[in-house]
Structures are given as C-alpha cells and as structure tokens.
Amino acid sequence: MFPWDTLADVTAAARAHPDGIVDLSVGTPVDAVAPVIRDALAAAGSAPGYPTTHGTPALRDAAVAALQRRYGITGLAPEAVLPVIGTKELIAWLPTLLGLHAADVVVVPELAYPTYEVGALLAGTAVVRADSLTQLGPSVPAVVYLNSPSNPTGKVLGVDHLRKVVEWARERGVLVASDECYLGLGWEGATPVSVLHPDVCGGDHTGLLAIHSLSKTSSLAGYRAGFVAGDPEVVAELLAVRKHAGMMVPGPVQAAMVAALGDDEHEREQRARYALRRDALLPAMRAAGFTVDHSEAGLYLWATRDEPCRDTAAWLAERGILVAPGEFYGPRGARHVRVALTATDERIAAAVQRLAS
Ligand SMILES: Cc1ncc(COP(=O)(O)O)c(C=O)c1O
C-alpha cells in the first residue's frame with residue numbers, strides 16, 4: 001500500500017466536518033497561474049512540431065538569468081541547463097539516467113521527500129539515510145541528495161554546511177544533487193543558498209546539480225515545469241539519454257517557463273501570499289499546544305504534540321484539518337506531522353478558527 005492510501009480514515013473524518021475539510025496534506029498550489037504565464041502558454045499553443053529535449057535557447061537563457069537575479073548564481077552556461085517534466089520526474093529517474101545499479105549507494109536526508117528513495121529503488125541501488133557526512137564513514141556513494149529548505153522540516157542548511165558537503169564530495173568524485181524546490185521561500189531572516197552559489201562552490205559547478213521546480217514559486221504544478229542545472233558534463237550526459245527516452249517538456253510549457261522565469265513580480269506576490277498564511281497558521285498551531293520545529297523556510301510547518309504522528313493526524317482530522325503524518329518522510333518523523341501552507345486564505349482562516357476552539 002502507498003503511504004497516502006493509509007490516510008483514508010483520517011481523510012473521511014476531516015471531510016465529515018460540517019464546514020468542510022481544510023486539506024493541508026499534499027501541498028498542492030491553489031492560487032491561479034499568473035496572467036503573464038497563461039498568456040505565454042496560449043500564444044505558443046499552435047506550434048505543431050516536436051519540442052527540443054534541451055529546451056529552447058530562450059528557456060535556457062531565462063533560467064540562467066533567473067538563477068543569477070534571484071539567487072546570485074554566477075558562471076552558469078545555458079548549455080548546462082536542462083528542462084524537465086516537473087522535478088519529480090527527474091528525481092524519480094536520475095539514478096537510472098546516470099546508469100547507477102545495485103553496487104551503488106544513493107544518500108538521502110533522514111527526513112526526505114519520498115521520491116529520492118523511489119528513484120534509487122527504480123534503479124536498484126542501495127539507499128542510505130544520513131544528514132551528516134560522519135554517518136557515511138569511509139563509504140563512497142554515487143549521489144548525495146541535499147534539500148535546503150527541506151521538505152518536510154523547513155530546515156535550511158547554512159553556507160558552511162553546504163561548502164563542507166561540496167568539498168567532501170569533490171574529493172571523492174561523488175555527485176551532489178541539490179533539490180532547491182523551496183529556495184525562494186525563506187522566512188524569519190533565513191536565507192537559503194544554492195549549491196551553485198559562488199560562496200558554496202567557489203564558482204566551480206563540477207560534480208554539482210541544482211534541481212529547480214516552478215511548481216511552488218510560480219504555482220505551476222499543473223504545467224509540470226522544472227529544470228536541472230550545474231555540471232556541464234553531467235547535464236550533457238542526462239540530455240543524451242533523455243533525447244532517446246522521450247523526456248521532452250512540451251513546447252507551450254517551455255514558452256510558459258520563459259515567461260515565469262523572466263518575471264519576478266508574480267513570484268514575489270506568490271511568496272507574499274504564503275508568508276501571510278504562515279503568519280496566520282504558525283501562532284495558531286502554537287496556541288493549540290503544538291511545538292513547531294525548524295520551519296524557517298519552505299511551505300510546511302513541521303509540528304508535534306509529542307505523541308505518535310497518527311494520533312496527531314487523527315486529532316486534527318476531528319477538527320476537519322488534514323495533514324501528512326511525519327513517518328511518510330522517514331522513521332525520525334514518527335512524532336511529527338507536516339502541515340502545508342498551500343490552502344486558500346479562506347481555508348487557512350478556517351483552520352485557525354478550528355484550532356482556537
Ligand atoms: C522537495 C521536493 N522536491 C521536488 C518536488 C517535485 O516538484 P515538481 O515535480 O512539481 O517539480 C517536490 C514537490 O512537492 C518537493 O517537495
């Protein structure tokens with residue numbers, strides 16, 4: 001059974017609330033796609049030909065420019081950018097595309113987005129959960145995943161930590177795959193930094209991949225739009241395989257991505273919406289007796305009542321609020337729940353009211 005299937009009972013309980021469910025479980029965006037992006041999608045709607053796997057030059061230029069403007073990433077060539085059909089797709093297939101197999105090890109965070117493990121299992125590699133290099137001992141994995149800000153915990157890794165991982169990986173020829181899905185969503189003074197930032201990598205992208213999704217920052221989850229950027233040789237290898245595996249981002253979506261990456265205004269507005277929802281929900285959770293750990297960035301509150309996560313999920317479901325049990329993300333999440341900020345203002349206000357009564 002898939003973990004989400006085990007939520008049937010609490011989902012039914014939450015749905016039974018007379019004022020309807022507040023679904024804070026999956027974390028799917030709810031705000032309408034910005035007109036500038038929709039218009040670009042529509043304007044590209046009549047193109048009959050196959051899209052290119054590498055993406056249009058306009059798309060790769062837009063990605064390079066956005067990474068520089070928004071996150072201070074320098075020295076990235078457009079050739080070292082590759083669009084993907086949503087980053088879940090890339091993550092699920094990365095070990096396979098890299099040709100990894102049973103003798104290889106993929107390292108994932110102790111509390112992690114489940115698709116890192118799924119991708120390793122699809123390729124048949126071993127998976128090790130570790131947050132520190134010392135946990136790895138002398139072993140040399142093929143890939144180490146980083147995810148800062150983290151899903152589910154919202155924890156941000158500092159520049160020093162990232163730099164140490166990069167140095168360690170370079171000495172051993174290990175590929176660092178940094179999932180930067182929530183990079184633009186730092187709160188309370190937390191400033192998440194990309195693995196490709198010169199302060200982390202010294203301007204050398206060898207052995208590094210940054211994985212960027214447009215799903216959350218531009219509310220484009222429905223379009224399936226992301227890209228990977230970094231080590232030119234690794235990107236070239238991924239491109240070569242993907243060309244023959246049919247993994248092309250549709251042309252109209254590529255055009256929409258150009259518009260999204262070229263416009264920071266809608267991205268700021270989206271961020272502001274999430275900030276307001278967080279400002280409403282975080283104090284309400286605390287006032288209801290929850291301890292909220294980390295959560296200084298990203299789209300989730302990592303909360304506990306110091307009891308098994310299923311009990312907490314059931315307690316919230318009685319109030320019509322559906323959340324994800326922390327154990328979905330690793331054994332260390334057994335006493336936490338993940339509460340998404342991705343609901344309308346009206347639904348967040350309903351959750352706040354229910355938590356208070
Ligand atoms: C950490 C992380 N990485 C990747 C993804 C996948 O995003 P998408 O496939 O929409 O780009 C998600 C989605 O929630 C996520 O939380």
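Every number in this text was worked out from the coordinates using simple rules, so none of it is lab data. These figures come from a predicted structure and were not determined experimentally. Positions of Cβ are backbone-derived with ideal geometry, glycine not excepted, and every protein chain shown enters the neighbour counts.
General remarks:
- Sequence-ordered 3J(HN,Hα) estimates for region 181-192 from the Karplus curve with 6.51, -1.76 and 1.60 and θ = phi - 60° stand at 3, 10, 4, x, 10, x, 10, 6, x, 6, 10, x Hz, glycine and proline given as x.
- Measuring how big region 169-261 is from its alpha-carbon positions, Rg and Dmax come out at 14.8, 45 Å.
- When the alpha carbon gyration tensor of region 226-357 is reduced to an equivalent ellipsoid, the three semi-axes, largest first, read 37, 20, 13 Å.
- Counting neighbouring beta carbons within 10 Å and listing from fewest to most, the residues T153, T304 come out as T304, T153.
- Shape of region 1-66, Cα gyration tensor, a/c cut at 1.5: prolate
- When only the Cβ of Lys, Arg, Asp and Glu is charged (+1, +1, -1, -1), the dipole of region 35-262 relative to its Cα centre reaches about 460 debye.
- With only Cα atoms counted, region 31-147 has Rg and Dmax values of 18.1, 55 Å.
- Computed from backbone phi, the HN-Hα couplings of region 145-156 come to 8, 10, 8, 10, x, 7, 9, x, 8, x, 6, 10 Hz, rounded to whole numbers (Karplus: 6.51 cos²θ - 1.76 cosθ + 1.60, θ = phi - 60°; Gly and Pro given as x).
- Using C-alpha pairs under 8 Å with a sequence gap of at least 6, the mean separation divided by the residue count of the chain gives a relative contact order of 26 percent.
- Under a 5 Å amide H cut-off, with hydrogens placed 1.01 Å from N, L146 pairs with A177, S178, D179 among residues at least 5 apart or on other chains.
- Kirkwood hydrodynamic radius (C-alpha pairs) into Stokes-Einstein, the chain, 10 °C and 1.306 mPa s, D in µm²/s: 76
- Shape analysis of region 129-216 yields a ratio of the Cα radius of gyration to the Kirkwood radius, Rg/Rh, of 0.95.
- Amide H partners (placed H, <5 Å) of D104, local residues excluded: A126
- Peptide ranges 22-28, 307-313 listed from the most packed, as the mean C-beta count within 10 angstrom indicates: 22-28, 307-313
- Compared with the direct C-alpha span, the chain from A43 to T28 gains 2.8 nm at full extension, assuming 0.36 nm per residue.
- The ranking of W4, W187 from fewest to most other beta carbons within 10 Å of each one's beta carbon is W4, W187.
- Estimated FRET transfer efficiency (D293, A236; beta-carbon r; R0 41 Å; 0.05): 0.55
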